[in-house]
Amino acid sequence: MPRWQGQFIAHPKPCDEGDPAPYFRKVFGVEPGLRRAVLYVTALGLVEPYVNGSRVGDEVLSPGWTAYRERLMVSDYDVTELLAAGDNVIGAIVGEGWAVGALTWTKANHQYADRPALYMQLELEYADHTDLVATNPSSAPANDSDWFVGFGGVRANGLYDGETFDARLEPVGWATTGFTRDEQWGTTIRYDWPMESLRLASVPPIRRIEELRVAAVTTSPAGRPILDFGQNISGWVHMTLPRPKSGQEIVIRHAEALKPTGELERETNRSAEATDRYTAAGRELEEWEPRFTFHGFRYAEVEGWRGGLDPANFRAVVVHSDMDRHGWFRSSDPLLNRMHENAVWSMRDNFVGVPTDCPQRDERLGWTGDLNAFIPTATYLYDVEAVVASWLKDLMIEQSAHGNMPRSAPLVDPRPSQPTALWGDAIVNVPWTLYQEYGDIEVLRRCWEAMRSYVDEVAGLLDENDLWKTGFQYGDWCDPGAPPREPGQGKTDKYLVAQAFFARTAAQMAKIAALLDEPESQRRYSDLADRVTLAFRREYTRAPGVVSGETSTGYALAICFGLLPEDQVDYAGRRMNCIMAGRDYTISSGFAGTPFVTDALTLTGHLDGAYKLLLQTRCPSFLYPVTMGATTFWERWDAILPDGNLHRTGMTSLNHYALGAVNDWVHRVVGGLAAAAPGWTKIRVAPRPGGGLTQAETSHITPLGLAAVSWRMVDAEMTVTVVVPEGATAEVCLPLHPEGLVSTQGPGEHTWTYPLA
């Protein structure tokens, strides 16, 4: 860990909304014989560093979003090859980002700082000594005259509203030794910030991951071209502008959908303008893309283009945390395949540094409930260990600072936090799921005290009957039966949901305590789980196997969380299946119930019902959005109505991953691949064909290597192929085998072919 020298620097003027981004530069000397040069960079805001005119690194939206006051990530770069003996220049442009710009639906800015501020430390290593170049070193006066600050082409920027760039105002060579400052460049001021908050970055950076070409071009009723990139993404548009006139302004407006009239549907953005503006300098060829904003969009409307628009001049840049893909699935059903890819894309679009709810509107917060619902699917699809572990650190920081478990992290929500089922118990279930996936017990150890704090707080809220029946609850959020503008008022009693989740959480705590060798805590939380479960039975079962309200969510939670006596589970499953059949297997659950409804049907012998629910296309259903052209998961089941109009509630994101949690069941049951021990040292292979599918395959890169299952039915014959990684064993239950064959297999590839029973 480097010893941080100096302090942050900033422009003397505080930043108001719409102000230009400051450009910083410093000239310094390099002696002959330089062995190595390392540049450390961070900012309050978003930083783009330069050395001798060259952009350093390929990170974007850096340093990402963390609980800045306690954890501000510092990137490090080897810049030896960019330096030469004599005068050199380091510099940076700093945008508003999360630290300074507007956040939440209130669009309040200055959550962390009142202006963008830069920190740089350059270590120059020679054979016999090391020189240091830093922003405002402690030995310098309050205003370090060796650092200068001015403005350039970035005239305005914000995460929600977009970026404005005027190429005519970009100072050519501003980060080189040949640049001559004018009177607009002044000295910086020291910006006070706790240096102990600086941390070397330990999470995957946000990067430009891929580029998408224009899939189609239409013309809006207003006469403006609209680019369709064919996929809802998180990122921005890269533009190539041939022979523009000086002063020509191109305006690009972003949206997730089109209205039936062909105009952009921008309501899902809410108050986020999501608009980029570029003013040309008049050169032969100009290329541009924003650097200090990002948008959630599929469509981009272009205004100000002169002459015929060539779609080859535009590309959509996909931006998210640079995580490795670890999980795949395909089947014989193209709609199911598209639904799975929609979950992949929603995850990609919402892992932009922080696992968020949506990438397009005036929100984009690290909601705990969304990730808690989706975390089993997330760990299968991508290597999220580092990203989620970092987010958990911020969650625990905010819990400590505010005295209870917040509903999002980093916390900027102006409303007071309070314990809430599914949202609050993310502090237990998310680390537990990480442990199951990666087999590293340290994540449980790191989170143990935060887990205890949350669970003990909720335990203190139980009434004399061990019921959690007070306080705000989200309930089965976005149940399709809830009033359109009250998504928390679903059919399932919100306190039933709270009681069920707390019973699961207490049981998880007992298991975690055992793993951490905490016998007293194990006894206490085991007793708590028993008491809360018995209280659930007394309060929410009206007859043996009948759950109060008779909703799919109520039954799913009771069955999957083990809240019913064993002799009542089958009857509860029959009741649940009857309820689903009465609705023609359309979906009737929200964030709380959806991850469990297919499992509950499967566990109680209603696999056929689970497949009918999975493959239903009528609204509301998993596949209805696919039939409407969705390329990501929606926040609401009916976010776009059958007539093509948006469901106008002010909360209709078309890019939310939470309801994609069903893909955990798809991987385990349709594909047939699941971990049977933490870290995948033991694997369960048990595909359950159904729903008319004739083929499915899934693969996952486990901590031990690739595991895979594929099955196909052709001419009354079944073929199953299994790949087991080194260091693991697999229990294989062959589907539809005449003898119900179960066997244990070691590493390698194994194939069985047999007639169907």
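Readers should treat all values here as calculations from the given coordinates under stated rules, not as data from a laboratory. Nothing here was measured: the structure is a model prediction, and the numbers come from that model. As a convention, Cβ positions derive from the backbone with ideal geometry for all residues, glycine included, and neighbour counts pool all protein chains shown.
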When the Cα centres of segment 645-716 and segment 341-361 are compared, how far apart do they sit, in Å? 19
Assign one of three labels to segment 168-222, namely rounded, prolate or oblate, based on the Cα gyration tensor with a ≥ b ≥ c the square roots of its eigenvalues; rounded applies when a/c is under 1.5, prolate when it is not and a/b is larger than b/c, and oblate otherwise. oblate
Tell me, what HN-Hα J-couplings in whole Hz come from the Karplus equation 6.51 cos²θ - 1.76 cosθ + 1.60 at θ = phi - 60° for each residue of segment 188-205, using x for Gly and Pro? 8, 10, 6, 10, 5, 7, x, 5, 5, 7, 6, 9, 4, 4, 10, 10, x, x
Taking the mean number of other Cβ atoms within 10 Å as a proxy for protection, how do you rank 399-407, 504-512, 78-86 from highest to lowest? 504-512, 399-407, 78-86
Calculated from backbone phi, Karplus (6.51, -1.76, 1.60) coupling profile of segment 306-311 in Hz, x at Gly/Pro: 10, x, x, 8, 9, x
Contact order relative to length of segment 678-755, as percent, for alpha carbon pairs under 8 angstrom and 6 or more apart: 30
Over 32 Å between C-alpha atoms is what I'm after, so list which of Lys26/Lys393; Lys107/Lys612; Lys491/Lys612; Lys13/Lys259; Lys13/Lys107 land there. Lys26/Lys393; Lys107/Lys612; Lys13/Lys259
If you take the square roots of the eigenvalues of the alpha-carbon gyration tensor of segment 142-198 and sort them as a ≥ b ≥ c, do you get rounded (a/c under 1.5), prolate (a/b over b/c) or oblate? oblate
How high is the relative contact order of segment 207-321, in percent, counting Cα pairs under 8 Å that sit 6 or more residues apart? 45
What's the long-distance tail for the chain, i.e. % of Cα pairs beyond 38 Å? 43
Give a residue-ordered list of calculated ³J(HN,Hα) values for segment 472-478 (Karplus: 6.51 cos²θ - 1.76 cosθ + 1.60, θ = phi - 60°; whole Hz; x for Gly, Pro). 5, 9, 6, x, 8, 3, 6
Non-local amide H neighbours of Trp147 (under 5 Å, H modeled in plane, Pro and chain starts lacking H): which ones? Thr188
Do you know the relative contact order of the chain, to the nearest whole percent, from alpha carbon pairs under 8 angstrom that are 6+ apart? 10
First obtain the Kirkwood hydrodynamic radius of segment 327-671 from its Cα pairs, then insert it into the Stokes-Einstein equation at 25 °C and 0.890 mPa s, and state the resulting D in µm² per second as a whole number. 122
Between Leu461 and Leu200, what length comes free when the chain is fully extended (0.36 nm per residue of separation minus the Cα-Cα distance, one decimal in nm)? 90.0 nm
